[in-house]
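Shown next, in structure tokens, is the structure this report addresses.
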Amino acid sequence: MAIKKVGVVGGGLMGSGIAQISAQSGYDTIMLEVNQELLDKGVDRVHGAWSMLHGKGKITEEQVGEYRGRFRGTLDLAEFADRDLVIEAIIENLDQKRSLFERLDATVQPDALLVSNTSSLPIIEMAAVTKRQGRVAGLHFFNPAPVMKLVEIVRTISTTDETVETLRDFARSLGKTPIVAKDTAGFVVNFLLIPYMLSAIRMYEHGLASREDIDTGMKLGCGYPMGPFELLDYVGLDTTLYAAEAIYAEYPDPTYAPPTLLRRMVQSGRYGKKNGRGFYNLDER
Ligand code: 3HC
């Protein structure tokens, strides 16, 4: 099926980044938030990215106008009725996602695809509350969504071949490279990345090296753009903890168990870059 109209639920970092590239790639794009303040923040982030790209000479003023013309925010889910594809990017809470998918299924035209940007929750649990299991899948973007080249297409035991092919074409049209993963916790990338970050926390917890030296080690020793602690702060400690818990629940192996320090940091309100407090005091940096 041909995708022309896209809806994005959630205007946070991931949702606004996805909406930005969707509008840039020619899709009529609406982004939904739960209140005016969050909606304004998300819309400003998208407009801000286009101003930044224009300021750097990467896009023309005409392009900024075109992109803005294809993008708008809304607080009303009913506006999603005519969408061909809806991408969910709300918080990592399965109950909330299931309730959203139920409402989307009742609102959005029956042929449309409904996909989730979850990092690690089972897609089938969202598909199961809909009457279109074959047209539900995961479409997992990486942070920052406008920059990172990968998209994981997560195929459940019910997702049809046609859905996978449509999503593959959609991802390519955004300038991304898609890979297909089964609907198992962590998919491909987080199944490898989360235990790596958890191991770095354990090294630090056990006093084997400083945060800075671990980060420098991985950047200069392996050529990674960020060390594990910089990446933890960047991705979000809460997001990492949820992903680790989801993977550990499916694979109860100590490698995937969230270290106590990570749990305590999240309990204390240290979420990383998103609220300025993490492994590094980002406000002070
Ligand atoms: N739209 C378009 N382009 C943008 C943009 C936007 N919204 N925001 C930034 N850019 C562009 C900039 O213009 C810049 O382009 P230029 O190099 O041509 O000028 C480029 O992106 C890089 O931006 P910056 O110069 O601001 O920053 P850095 O060069 O320091 O790179 C980084 C930042 C891309 C984040 C890099 O450090 C990096 O790749 N880090 C690793 C990120 C990573 O691993 N992400 C995956 C996390 S895991 C995940 O998301 C999964 C989840 O489920 C947990």
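Just so you know, all these numbers are worked out from the coordinates, no wet-lab data involved. Since this is a predicted model, take the numbers as computed values, not measurements. FYI the Cβ positions are ideal-geometry reconstructions off the backbone, even for glycines, and counts take in every protein chain you see.
Quick rundown of the values:
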read-out: Highest-first arrangement of 63-72, 85-94, where packing means the average Cβ count within 10 Å; value: 85-94, 63-72
read-out: Aspartates and glutamates with Cα under 14 Å of Lys5, excluding same-chain neighbours fewer than 8 positions away; value: Asp28, Glu79, Asp82, Asp84, Asp111
read-out: Relative contact order (%) - criterion: Cα under 8 Å, at least six apart; region: the chain; value: 13
read-out: Calculated log₁₀ intensity ratio I(q)/I(0) where the Debye formula runs over C-alpha points of the stretch 156-213, q = 0.24 Å⁻¹; value: -0.98
read-out: Under-5 Å amide H pairs with Val151, H placed in peptide plane, nonlocal only; value: Thr177, Ile179
read-out: Measure of compaction for the chain (Cα Rg per 2.2 N^0.38 Å); value: 1.01
read-out: Listed residue pairs exceeding 28 Å between alpha carbons, taken from Lys182/Lys219; Lys58/Lys97; Lys97/Lys273; value: Lys182/Lys219; Lys58/Lys97
read-out: Mean Cβ count within 10 Å, highest first, over the residues of peptides 24-33, 143-152; value: 24-33, 143-152
read-out: Backbone HN-Hα couplings from phi across the stretch 132-146 [Karplus 6.51/-1.76/1.60, Hz, Gly and Pro as x]; value: 9, 3, x, 9, 10, 7, x, 9, 9, 9, 10, 8, x, 4, x
read-out: 0 to 90° range, to nearest 10: angle between helix 161-173 axis and the chain longest Cα axis; value: 80
read-out: Cα-based helix-to-principal-axis angle, 237-250 vs the chain, degrees rounded to 10; value: 90
read-out: Theoretical ellipticity at 222 nm over the chain - DSSP helices of four or more residues, -39500 (n - 2.57) apiece, nearest 500; value: -14500 deg cm²/dmol
read-out: Ranked by how many other beta carbons lie within 10 Å on average, peptides 38-51, 9-22 from highest; value: 9-22, 38-51
read-out: Computed lengthening from Thr177 to Lys4, 0.36 nm per intervening residue step minus Cα-Cα distance; value: 60.3 nm
read-out: Sequence of Leu100, Leu232, Leu192 once ranked by neighbouring C-beta atoms within 10 Å, starting from the fewest; value: Leu192, Leu100, Leu232
read-out: Evaluated over the stretch 191-279, the Cα radius of gyration and Dmax, each in Å; value: 12.3, 34
read-out: Spin-label model distance (nm) - Lys56 vs Lys131, 7 Å beyond Cα toward Cβ; value: 4.6
read-out: For Asp28, distant residues with modelled amide H under 5 Å away; value: Val6
read-out: Label-point separation, Gln267 to Ser210 (7 Å along Cα→Cβ), nm; value: 2.8
read-out: Whole-Hz ³J(HN,Hα) from phi, Karplus 6.51 cos²θ - 1.76 cosθ + 1.60, for the stretch 51-59, glycine and proline x; value: 5, 4, 5, 5, x, 7, x, 7, 9
read-out: Nonlocal amide H pairs with Gly236, under 5 Å, H built at 1.01 Å; value: Lys273
read-out: Global geometry of the stretch 116-265, whether rounded, prolate or oblate, following the gyration tensor of its Cα atoms and the 1.5 cut on a/c; value: oblate
